[in-house]
Amino acid sequence: MTSAIQSIQYFEVAGVRLRVLLEGQGAPLLFLHGSGDLGSWPEALTELSKHFLVIRPDHPGYSGSSDGESINSVHDISFVYLSLLDQMKLDRVSVMGVSLGGWIAADMAATEPSRFERLVLVDAAGLRPRGTYPDYFMLTAVELAENVYASSAMRESMSVFMAELENDTELFHTYLRNRASTAHLAFNPYMHDPQLLGRLHRVTAETLVVWGAQDGILPVETSDAWLEAIPSAKRVVIEDAGHLPHVEQTNQFLAVVSPMLGFRPTA
């Protein structure tokens, strides 16, 4: 599921101490994680780092990054990351965001369009969800695992992991802190920003919307909203995958994103 991390660096940005994982070299690819991520380096990023400089920060208020007293919205986080790119002297990048990270990525690409070459939205939050979906904030840790993954094997293994989470004090604290940060950002309005819809026409980056066909958190119908908001966007639905297709179907995911990002997977 996860791979070794080459480098961990810390950046002071807009009053936030960001923990940033980096690996690889070449064109920069900013990877923005989802709300349930506990500070990991998914296997897919190791493959991507063979072709790009992959930059994976912990969001403000999540895992190894500090809270930001002035951060009250995803839009605020977008400006933190734009400032991070300034510090790193990166003028033009590609960005890939998963779930909450997709929301942040889309907001950034709408705020400073000229800065982003390619945009990959993976089961992205940010627009009003469609279809039938659970209340994310009412799910227990085990119920969350059951809704995130499509395959019975993944559901079982992650349900066991989540059931045992309370036994790891540090990790459980991270889980609770991340949940609280997500509630602060996305409780009301639920998992979306009504203002974002009106800004997405500004996106000029080549855009790919990737969705797991069996997403139990944000149903695949939600991807329609992104295609309507960004008419130039293309969509690929990955079968036998839930809310995290880059984790559950890593090889398929890499095959899907590689043509747009311009690389050939080695696996």
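In this structure, Q195 and T169 have a Cβ-Cβ separation that, at R0 = 41 Å, corresponds to a calculated FRET efficiency of about 0.60. Averaging the Cα positions of each part gives two centres, and for the range 226-256 and the range 133-201 these lie 19 Å apart. Put in order of Cβ neighbour count within 10 Å, fewest first, the listed residues W41, W103 become W41, W103.
Counting only DSSP beta bridges whose two residues both lie in the range 7-261, roughly 30 percent are antiparallel.
Shape analysis of the chain yields a ratio of the Cα radius of gyration to the Kirkwood radius, Rg/Rh, of 0.92. Going by neighbour counts of Cβ atoms within 10 Å, the residues F52, F137, F11 line up, fewest first, as F137, F11, F52. If Lys and Arg each add +1 and Asp and Glu each add -1, what is the summed charge of the other residues whose beta carbon sits under 14 Å from the beta carbon of S152? Surrounding charge for S152 is -3. In the range 5-40, which residues have a backbone nitrogen under 18 Å from the label point lying 7 Å from F161's Cα in the Cα-to-Cβ direction? Zone members listed by number: 5, 32-40. Counting neighbouring Cβ atoms within 10 Å and putting the fewest first, the residues R202, R235, R155 line up as R202, R235, R155.
Only the coordinates and a few stated rules stand behind these numbers; no lab work does. Computed from a predicted structure; not experimentally measured. Positions of Cβ are backbone-derived with ideal geometry, glycine not excepted, and every protein chain shown enters the neighbour counts.
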